[in-house]
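Presented below is the structure to which this report refers.
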Amino acid sequence: KGLLRVISATASNSGRAPAHMDFFSLDTNDWDLNGEGWPDLPAMANIDAMTCKDPRTQKIYVGTSSYSEFRIFDPITRKWEPWVGNDWGMAYAASIVVPELNAVVMDYGSYRQHDMMGDIWSICPVGGQHSVINLKWLTPKPPSLKPETGFAYDPSIRRIFWISDTALMRVNIDTWECEYIADVPSAHTSVFNRMAYIPALGGVYFAPGY
């Protein structure tokens, strides 16, 4: 058991090393650095790639800014496999596995950036092909939305919390109705998944700086 850094090894000559993985063991409190004992990512490695984990299976879903290179990583077998039928890319934006939908939900508009930001998401059933979601705004859409967004999912209310730039939104996974909630502090560099739902706190954690 431990923490797996899937993209961009911590200790590397380049400082970014997107092809390597690191693992931090909670048993030894030590790092397994520079991909030691772990396979390199396939050629699709990209430090801005979409990355999310299925809490049920621990499998990790990784996209990229290139096409035909959507992959799944199984940390138990330590093997990569293609996500068959998804000849598209996904980067620069939030993603999350929603167990109730058995699907990966992605901020596809932020990947598309200029033309669709804040208007569309994408949903991809685990093991299936993606389709576009048209968000239904219940409040005015914030005027300033940016790529490299963050998601957190609260299963108790079936809502995805979404931060883009300095705006916090809430999205209903049953109707895809979206509403602006409040402003949040500006993140250092970008939001890019710096948030998580904490059940013990009954709320969403956001780390704008480090």
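The values are calculated or read from the model by the stated rules, or taken from the named source; none is laboratory data. What you see is a predicted model; the values in this text were computed from it and never measured. Here the Cβ positions follow ideal geometry from the backbone for every residue, glycine too, while neighbour counts run over all protein chains shown. These accessible areas exclude ligands, DNA and RNA; they are computed on the full protein's heavy atoms, side chains included. Shrake-Rupley method; radii C 1.70, N 1.55, O 1.52, S 1.80 Å.
Okay, here's what the table says:
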| read-out | value |
| --- | --- |
| Surface per residue (accessible, 1.4 Å probe) for segment 101-190, Å² | 45 Å² |
| Sequence-distant lysines (8 or more away, or on other chains) whose Cα lies within less than 21 Å of Lys79 | Lys1, Lys53, Lys59 |
| Spacing of the two label points (7 Å from each Cα toward its C-beta) at Ile181 and Asp30, in nm | 4.1 nm |
| Segment 137-180 - Rg over Rh from alpha carbon coordinates, Kirkwood radius | 0.96 |
| Inverse mean reciprocal Cα-Cα distance (Kirkwood Rh) of segment 103-210, Å | 14.1 Å |
| Scaled radius of gyration (Cα, divided by 2.2 N^0.38 Å) that segment 164-210 gives | 1.23 |
| Computed E for Asn102/Gln58 - FRET, C-beta separation, R0 22 angstrom, nearest 0.05 | 0.90 |
| Estimated distance in nm for a label pair at Ala207 and Arg158, the labels positioned 7 Å out from Cα along Cα-to-Cβ | 3.2 nm |
